[in-house]
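As structure tokens, the structure follows; a few thoughts come after it.
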Amino acid sequence: MSSKYINEKLKILEKLMMYKFSKRVLDIILALITLIALLPLFIVVSVILRFTGEGDSFYFQERIGENNKYFDIWKFATMLRDSPNIGTGMITLQSDPRVTKFGSFLRKSKINELPQIINVLKGDMSIVGPRPTVKKHYESYPLKTREEIYTNKPGITGIASIVFRDEESLLSLQTGDPFEYYKDVIMPFKAKLEKWYINNRGMITDLLLIFITAWVILFSSSQLHYKIFKDLPKRPF
């Protein structure tokens with residue numbers, strides 16, 4: 001093994017370490033600002049949830065994180081407590097009867113995802129990264145894909161979250177088993193998107209993905225991500 005090859009590998013490793021350090025600093029700053037700014041909203045939503053549905057303000061679910069380690073993700077409670085064991089299980093459909101009335105609003109507005117800011121502060125997640133999955137969905141990825149994707153911390157938002165922001169309505173259109181469609185069609189394409197992110201990760205990419213996330217929340221039909229990232233795999237369905 002030549003010294004030139006070793007030096008190149010060391011430079012790549014150093015660059016990756018600097019990126020991860022810078023990203024962690026940005027995560028902490030953005031998470032603290034967001035948590036302070038949205039604290040009144042958190043309080044209002046928590047109180048409403050406490051007196052509606054089944055009385056739970058937060059929902060915790062085990063997800064796969066960096067280096068394939070488990071962690072509990074934070075979300076506002078939007079579904080019935082025993083939802084994973086009834087109906088379509090881990091798959092949520094549009095107009096899913098397990099979703100509460102107020103929960104439906106929280107899901108459509110993406111407010112239900114905001115408590116993940118706490119996961120960011122704890123170091124379980126990043127603002128931007130591959131979407132953390134439950135074990136059942138995670139095991140649908142090929143082994144090599146699992147090893148590649150989760151070298152990075154999972155994110156509140158990411159390229160797969162942006163491209164599949166209509167996932168619930170897409171699954172609702174299927175006449176067969178929605179999980180089989182998710183496993184055989186959506187998951188393989190999500191893997192391509194997450195691999196694209198790993199190959200293109202960097203502070204500029206992360207900042208652009210944060211901007212695009214805010215943009216598509218306001219303009220749900222926008223395809224801005226394909227205009228900005230020309231080499232992004234095109235969704236075939």
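The values are calculated or read from the model by the stated rules, or taken from the named source; none is laboratory data. These numbers come from a predicted model, not from an experiment. Methodologically, a virtual Cβ is constructed for each residue, glycine included, from the backbone with ideal geometry; neighbour enumeration extends over all protein chains shown.
For residue 177, the conditions (1) acidic (Asp, Glu); (2) crowded, with 21+ Cβ neighbours inside 10 Å; (3) at pLDDT below 90 all hold with the exception of (2). Do we find a residue being surrounded by 11 or more Cβ atoms within 10 Å (Cβ to Cβ), in contact with a Ser or Thr (Cβ under 9 Å, 6 or more places away or on another chain), charged (D, E, K, R) and free of Cβ contacts under 8 Å to residues at least 60 places away in the same chain anywhere in segment 47-67? There is at least one residue in segment 47-67 that is surrounded by 11 or more Cβ atoms within 10 Å (Cβ to Cβ), in contact with a Ser or Thr (Cβ under 9 Å, 6 or more places away or on another chain), charged (D, E, K, R) and free of Cβ contacts under 8 Å to residues at least 60 places away in the same chain. Screening residue 233 on (1) within 17 Å of the chain's Cα centre (by Cα); (2) within 28 Å of residue 24 (Cα to Cα) shows it passes everything except condition (1). The set of residues from segment 158-184 being assigned to a loop (DSSP other than H, G, I, E, B) and among the small types (Gly, Ala, Ser) comprises 158, 176. Which one of 83, 104, 57 is hydroxyl-bearing (Ser, Thr, Tyr), within 30 Å of residue 29 (Cβ to Cβ) and out of contact with any strand residue (DSSP E or B) (no Cβ under 6 Å at 6 or more places or on another chain)? After applying the criteria, what remains is 57.
Scan segment 218-237 for residues that are modelled with pLDDT under 95, among the hydrophobic types (A, V, I, L, M, F, W, C) and in a loop (DSSP other than H, G, I, E, B) and the total you get is 2. The residue pairs whose first member lies in segment 136-161 and is within 12 Å of residue 64 (Cβ to Cβ), whose second member is surrounded by fewer than 21 Cβ atoms within 10 Å (Cβ to Cβ) and modelled with pLDDT under 85, and whose beta carbons are closer than 7 Å, counting only pairs six or more residues apart or on different chains, are 136/90; 137/90; 138/146.
The set of residues from segment 195-232 being within 15 Å of residue 155 (Cα to Cα), without any contact (Cβ under 8 Å) to a residue 60 or more places away in the chain, surrounded by fewer than 17 Cβ atoms within 10 Å (Cβ to Cβ) and touching a Leu at 6+ places or on another chain (Cβ under 8 Å) is empty. Somewhere in segment 45-52, is a residue modelled with pLDDT of 90 or more and within 20 Å of the chain's Cα centre (by Cα)? Within segment 45-52, none of the residues are modelled with pLDDT of 90 or more and within 20 Å of the chain's Cα centre (by Cα). If you check 4, 15, 9, 23 for being assigned to a helix (DSSP H, G or I), among the charged types (D, E, K, R) and loosely packed, with under 10 Cβ neighbours inside 10 Å, only one passes: 4.
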